[in-house]
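Worksheet for the structure shown next.
The values are calculated or read from the model by the stated rules, or taken from the named source; none is laboratory data. All values derive from a computational prediction rather than experimental measurement. We place every Cβ from the backbone using ideal geometry, glycine too, and count neighbours over all the protein chains shown. The area values use the complete protein model at the heavy-atom level, side chains included, leaving out ligands, DNA and RNA. Shrake-Rupley method; radii C 1.70, N 1.55, O 1.52, S 1.80 Å.
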Amino acid sequence: HFVRLGGLAALTVREIRSDQVAGGIWARLDLARGKLLAVVASLTSADSRFEVSTPTAIAAVKGTAFQVVAGRKSSTISVLEGAVAASGIRDDSAPPEELEVKEGFETEVDAKTRRPGPLMKFFNNEKRRKARVALSEFRAKTQKLKARVRSGELGRQRRLRVLARAWLVQRFQQKNPQAYQALPAW
């Protein structure tokens with residue numbers, strides 16, 4: 001599972017936990033503003049949930065790639081792969097209206113109505129079509145990272161950085177023992 005934020009996005013992680021045995025994940029993210037691109041692998045546990053809330057909408061996922069753009073007056077939920085259940089922010093005055101948004105479509109949830117709007121084709125807009133390219137690039141980078149993890153290269157690089165830091169601290173301690181003693185405890 002991966003989440004990528006656009007510039008100036010404001011995200012709060014409300015809850016995130018996983019069950020390694022059952023393969024379940026429970027994630028609740030609040031996107032106050034900005035753009036979020038999420039790639040969520042198929043969730044194997046029946047009670048797994050991956051949810052992104054904005055000031056106007058909620059996007060609940062069961063294995064997909066999607067984009068959420070949050071604004072004050074509305075939020076747009078665009079599905080690159082799979083499907084997303086889109087609804088307005090829940091309140092006591094009316095039950096939430098949920099709309100299934102399938103691959104290639106998007107919906108806008110208005111702050112006033114608190115309901116998903118009509119489904120629109122996602123890829124008609126060139127600006128949004130770029131999200132598909134970003135997804136491909138994102139996946140390519142994650143595949144490279146996974147390959148580095150499997151080969152052990154990433155672990156070796158981390159260990160080397162730790163050793164280099166330890167060496168620098170030791171060298172600082174030898175050259176400046178008084179300054180080293182004056183440092184606050186970590």
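Candidates in region 133-165 are the residues that are small (Gly, Ala, Ser) and within 30 Å of Phe66 (Cβ to Cβ); of these, the one that is least open to solvent (accessible area, probe 1.4 Å) is Ala134. Could you tell me whether any residue of region 8-27 is modelled with pLDDT of 85 or more, within 22 Å of Met120 (Cβ to Cβ) and either polar (S, T, N, Q) or out of contact with any Pro (no Cβ under 8 Å at 6 or more places or on another chain) (or both)? No, region 8-27 contains no residue that is modelled with pLDDT of 85 or more, within 22 Å of Met120 (Cβ to Cβ) and either polar (S, T, N, Q) or out of contact with any Pro (no Cβ under 8 Å at 6 or more places or on another chain) (or both).
Restricted to helices (runs of 4 or more DSSP H) entirely inside region 68-186, those with at least 2 residues that are at pLDDT 85 or above and either under 26 Å from Leu29 (Cβ atoms) or of a type in the set (Val, Ile, Thr) (or both) are 153-175.
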